[in-house]
Structure formats: C-alpha cells, structure tokens
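Peer 1: After the structure tokens below, expect a handful of questions from me.
Please treat every number below as a calculation from the coordinates, not as lab data. Here the structure is a predicted model, which means the values were calculated and not measured. So basically every Cβ, Gly included, is an ideal-geometry build from the backbone, and we count neighbours across all protein chains shown.
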Amino acid sequence: MKAVRLVQPGQPLELQEVPVPVVGPGDVLVRVKAAGICHSDAHYRAGRSPVYPLPLTLGHEVAGVIEVAGPEVDHLKAGDRVCLHYMVTCGHCEYCQKGNEQFCRTGKMIGKYRDGGYAEYISIPARSAFVLPPEIPFEQGAILMCSSSTSLHALHKARLKPGETVAIFGVGGLGVSAVQLALAFGASQVYAVDIQPAKLELARQLGARPINAAEADPVDEIRRLTGGKGVDVAVELIGLPLTMRQAFKSLAIQGRLAIAGITEQPFTFEPYQDLINREAEIIGVSDHLAQEIPLLIEWVREGRLDLSHVITRRVLLDAKAINRVLDSLETFGEDVRVVIVP
Ligand SMILES: [Zn+2]
Ligand SMILES: [Zn+2]
C-alpha cells in the first residue's frame, strides 16, 4: 500500500510502498477515508517534536471503514464506519485506570510513535475505534479526533462554567471547535483573537466576537469589551510566547488560562500583577481522553458543533501536496484544516 512517511526530520515527507499492516486478534484494519493534516505534523516533520521509529507514517486524525476485524473484536465488524482515538493505550496501568490515559506508561500515539493515517490502511486496537454515525462525513470524523477533542479537553481543564466569558487565541483547526464548544457549554461571550481576516470572519459567523490582533492590542481590546474585568477563561491554541502572554494578561480575577499551543520558548508575565493579585491559573492541556469522544460525536451529529467550515481544502495521498500543506502550516497560512482523501 501507499504511505506518506517521515524518513528524516527536517526533510520533506516521502511516498513509500509498504506492506498492509498486520491485524492482531484485538485489532481492526481500517481503510483510511480521510486523514487531517495537523499543525503538530509540521512540528514532527521539522524535528521539533520527537517521532520514532523512523521511517514512520504520519497522520493522527483518521477516519475510515473497517476492512478486517480481528477474531477477539466483538463490538465492531467489517464495513463499520469509524474514527480513531489517536492514543493507543494499555488500559490497565495506574494512569489508564484513573482515566488519565494520555499519560499511559506504554501509550503510543499514532502518526508519532506508531504508523498513522497518511496511508491507505491503518491497523489499531479495536478499543481506539469509535463508530462514526452516517450523518457525519469521514473528513469531519477525522478532524474531530484531534482539533475538536483537544479543544474540548482544554475547556474541561479550564473548568468553564455557563455564563462565563472566554477568549480563544487562534482560530485554526482547534479554535473553530473551541469557539463552538465554549458556546455549547453556555459561555456568555466568546472573543476570538487572530490576525487572519478570513478566520476572524469565520469566528464571527460561529458566534464569537472577533478581535484582530494585527490592528489592536488584544489585551486592551478584551479589557475594554469586558468593562475592564477581563475573561474568566482564555485558551491559547497558537503556541507563541507572545500570545501566551497576551492570553494570560487578558484574564479576570480567578481567571484560568488553558494552554494547548506548543512551544519550547518561555513566556513572561508579571507574577504580582497577573498571577497573585488575580489568583489566576495557568493550566497545561495534553491531548484529550477517549471518554470525551462520544460527547463530541453526539454534538456533531446534533449540529451543535458544525465542522463543515473547518475543512478548507482536500489533497490526495501525495507527498508533494502534503509537504506543501505542511509548509503553509509553518507560516500560519490561510487554511483552517486540510484533509487527505486517499
Ligand atoms: Zn492533530
Ligand atoms: Zn496505560
């Protein structure tokens, strides 16, 4: 089968011909129908985040149809439409037992530590596969499994309550979901901060108040729009020290900043003014939980989470096309989410 793989960090991905993966007794073999290209994949290709063993097929936002179900699989069968939870976990270590399986001692993320979905087929333990209702297109099922689920986890971690105000920094693949999920949770007002006019317009259509950080200081704008109070919850989805600082400085008293954007660079703030005086909190957001996925699938099915605008482009399973998408993610291009349709 064809697979687009990371062979060497810092180099373009390559199309390789590889064997169709082996299906273990508890596994399912899935024919990939859609695989999202995520900003994390740009980090992986660049070598900013470890990927091994190489060569390895990237792609952790995957939906498709079960081709073969192993003999021990009883809740899924060939022909089922599924989307895949990207963490393959053991299910019995202390982290898995406590429902924090993103820290599983032997957990392996697909498209990072085992072959992912930039391929014609992927094999995965059946408990990582969730049935995708017929109303939800594969493309949406795929992106649901990273950008939407991480946004949901960020809002859970930030303990967002109905009636609170929220600022979302970054209206990319995660931000579009974060805006809608915050509103679905009952946020009284959602501010969406970005510098791309098209993304800000999309955020506006989804019910957020857009703030163009290229035109005005987003901290001043948020303070002005909230009568000086600031927001109860800020979510940083960009991964830049500047936007982390801005998001933190936008908080109200007892406000919570959830950070899901990735950077190795430190960000600065004034502890007395920003942290102590406000009893503010900074919360890290790592991945998401399998138990959060059924709620997401249900909200998409009900139309409370509309992902139809998120996918701005489709490409074939072609190394050149995929590398170009990753190049544009490096420069924060206009696309919200590009999906590979093999
Ligand atoms: Zn992702
Ligand atoms: Zn475990």
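Peer 1: Starting from residues that are more than 16 Å from ligand 1 (Cβ to nearest atom), in a loop (DSSP other than H, G, I, E, B) and without any contact (Cβ under 8 Å) to a residue 24 or more places away in the chain, keep the ones in the stretch 90-129 and report whichever is nearest to the chain's Cα centre (by Cα).
Peer 2: Cys104
Peer 1: Sticking with this one: Has the stretch 52-72 got at least one residue that is within 19 Å of the chain's Cα centre (by Cα) and of a type in the set (S, T, N, Q)?
Peer 2: In the first step, residues of the stretch 52-72 are kept if they are within 19 Å of the chain's Cα centre (by Cα); the result is 57-64.
Narrowing further to those that are of a type in the set (S, T, N, Q): 57.
Scanning the stretch 52-72, I find at least one residue that is within 19 Å of the chain's Cα centre (by Cα) and of a type in the set (S, T, N, Q), so the answer is yes.
Peer 1: Specify the residue that is farthest from ligand 1 (Cβ to nearest atom); the eligible residues are those in the stretch 30-73 that are assigned to a helix (DSSP H, G or I) and among the small types (Gly, Ala, Ser). I'd like the intermediate steps shown before the answer.
Peer 2: Narrowing the stretch 30-73 to residues assigned to a helix (DSSP H, G or I): 39-46.
Applying the additional criterion that residues be among the small types (Gly, Ala, Ser) yields 40, 42, 46.
On the way: Ser40: 5, Ala42: 10, Ala46: 15 Å.
Taking the candidates together, the pick is Ala46.
Peer 1: Is it fair to say Lys249 is in contact with a strand residue (DSSP E or B) (Cβ under 6 Å, 6 or more places away or on another chain), of a type in the set (Lys, Arg) and either within 22 Å of Lys161 (Cβ to Cβ) or buried (at least 21 other Cβ atoms within 10 Å of the Cβ) (or both)? Step through it out loud before you land on a result.
Peer 2: Numbers: in contact with a strand residue (DSSP E or B) (Cβ under 6 Å, 6 or more places away or on another chain): no; of a type in the set (Lys, Arg): yes; either within 22 Å of Lys161 (Cβ to Cβ) or buried (at least 21 other Cβ atoms within 10 Å of the Cβ) (or both): yes.
No; evaluated as a whole, the condition is false for this residue.
Peer 1: Find the helices (runs of 4 or more DSSP H) located wholly in the stretch 137-196 whose residues include 1 or more that are over 23 Å from Leu240 (Cβ atoms), of a type in the set (D, E, K, R) and more than 16 Å from ligand 2 (Cβ to nearest atom), and list them.
Peer 2: Details: elements: 138-143, 149-157, 173-184.
Here the list reads 138-143.
Peer 1: Next up: Could you grab me the full set of residues in the stretch 293-332 that are part of a loop (DSSP other than H, G, I, E, B), closer than 18 Å to Ser177 by Cα and without any contact (Cβ under 8 Å) to a residue 24 or more places away in the chain? Steps first, answer last, please.
Peer 2: Initial filter on the stretch 293-332 (part of a loop (DSSP other than H, G, I, E, B)): 303-310, 316-318, 331-332.
Those still in the list that are closer than 18 Å to Ser177 by Cα too: 303-310, 332.
The one that is part of a loop (DSSP other than H, G, I, E, B), closer than 18 Å to Ser177 by Cα and without any contact (Cβ under 8 Å) to a residue 24 or more places away in the chain: Gly303.
Peer 1: Considering (1) out of contact with any Lys or Arg (no Cβ under 8 Å at 6 or more places or on another chain); (2) closer than 24 Å to Ala42 by Cβ, say which one Val231 fails and leave the rest.
Peer 2: The one condition Val231 does not meet is (2).
Peer 1: Taking Arg45 as meeting all but one of (1) within 16 Å of ligand 2 (Cβ to nearest atom); (2) more than 16 Å from Ser128 (Cβ to Cβ), write down the number of the exception.
Peer 2: Status for Arg45: all satisfied but (1).
Peer 1: For residues in the stretch 276-292 being touching a residue at least 12 places away in the same chain (Cβ under 8 Å) and not in a loop (DSSP other than H, G, I, E, B), which is farthest from Ala187 (Cα to Cα)? Steps first, please.
Peer 2: Kept after step one, since they are touching a residue at least 12 places away in the same chain (Cβ under 8 Å), are these residues of the stretch 276-292: 278-292.
Still in the running and not in a loop (DSSP other than H, G, I, E, B): 281-284, 290-292.
Numbers: Glu281: 19, Ile282: 19, Ile283: 19, Gly284: 21, Ala290: 24, Gln291: 22, Glu292: 19 Å.
Result: Ala290.
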